[in-house]
Amino acid sequence: MDTQAIARIIDKYHGEPSSLIQVLLEIQADCHWLPGEALELVAERLRVPMSRIRHIATFYKAFSLVPKGRHEVHVCMGTACHVRGAPRILERLTDLTGLQPGETDLELKVTLETVNCLGCCALGPVMVVNGKTHGKLSPAAAADVMKTYE
């Protein structure tokens with residue numbers, strides 16, 4: 001963790017406690033998780049109790065207190081995607097990566113997650129990798145998408 005980079009993020013918001021969520025979002029984007037040392041620095045520089053920071057970091061799904069992979073893969077398991085084959089997509093990805101939903105590989109390359117809905121039901125089954133949506137997938141197409149992130 002680069003404490004100077006974290007300090008620059010905090011300084012960008014002039015140490016305003018009201019900027020806590022935005023600061024955490026930027027740290028999450030930069031580090032792919034919220035390291036404890038970063039949270040301590042945020043608490044000190046924003047003058048926000050650690051209990052409040054932990055409450056926010058555990059309440060919002062956008063935040064992670066454990067390391068995530070460079071490539072975050074989210075497979076939609078909502079009703080429309082489910083009936084169109086999302087379980088087969090997820091099965092292919094677990095076979096390909098060796099990961100179960102919620103896991104990250106040891107090299108911190110990939111994190112595999114499931115979500116309840118991505119809001120693009122007409123494209124189902126859908127997965128999002130690093131924020132990019134891939135729809136109307138087959139298991140083979142999902143594997144091809146993953147090859148582009150190796």
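Restricting to the stretch 127-150, name every residue that is assigned to a helix (DSSP H, G or I), surrounded by fewer than 15 Cβ atoms within 10 Å (Cβ to Cβ) and modelled with pLDDT of 95 or more.
140, 144
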The correct count of residues that are modelled with pLDDT under 95, more than 25 Å from residue 66 (Cα to Cα) and not in a helix (DSSP H, G or I) in the stretch 79-126 is 3
For residue 91, are the conditions met, namely being acidic (Asp, Glu) and either outside the structural domain of residue 20 (by TED's automatic domain parsing) or at positive phi (or both)?
yes
Can you tell me which residue among 34, 39 is outside the structural domain of residue 132 (by TED's automatic domain parsing) and out of contact with any Phe, Trp or Tyr (no Cβ under 7 Å at 6 or more places or on another chain)?
39
Got a sec? Which of 68, 61 is in a loop (DSSP other than H, G, I, E, B), without any contact (Cβ under 8 Å) to a residue 40 or more places away in the chain and not β-branched (Val, Ile, Thr)?
61
Would you point out the residue of the stretch 1-56, among those that are of a type in the set (A, V, I, L, M) and out of contact with any helix residue (DSSP H, G or I) (no Cβ under 8 Å at 6 or more places or on another chain), that is surrounded by the most Cβ atoms within 10 Å (Cβ to Cβ)?
25
Do you know which residues across the stretch 1-22 are under 14 Å from residue 34 (Cα atoms) and in a loop (DSSP other than H, G, I, E, B)?
1, 2
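Looking at the stretch 76-95 only, could you name the residues that are among the hydrophobic types (A, V, I, L, M, F, W, C) and within 12 Å of residue 127 (Cβ to Cβ)?
76, 77, 81, 86, 89, 90, 93
Every residue in the stretch 92-108 that is surrounded by 14 or more Cβ atoms within 10 Å (Cβ to Cβ) and not polar (S, T, N, Q), please.
92, 93, 96, 99, 101, 103, 105, 108
When you check residue 43 against the structure, is it assigned to a helix (DSSP H, G or I), aliphatic (A, V, I, L, M) and modelled with pLDDT under 95, yes or no?
So residue 43 does not fit the description; no.
The values are calculated or read from the model by the stated rules, or taken from the named source; none is laboratory data. Only a predicted model underlies this, so the values are computations on that prediction, with no experimental measurement involved. Every residue, glycine among them, receives a Cβ derived from its backbone with ideal geometry; neighbour counts consider all protein chains shown.
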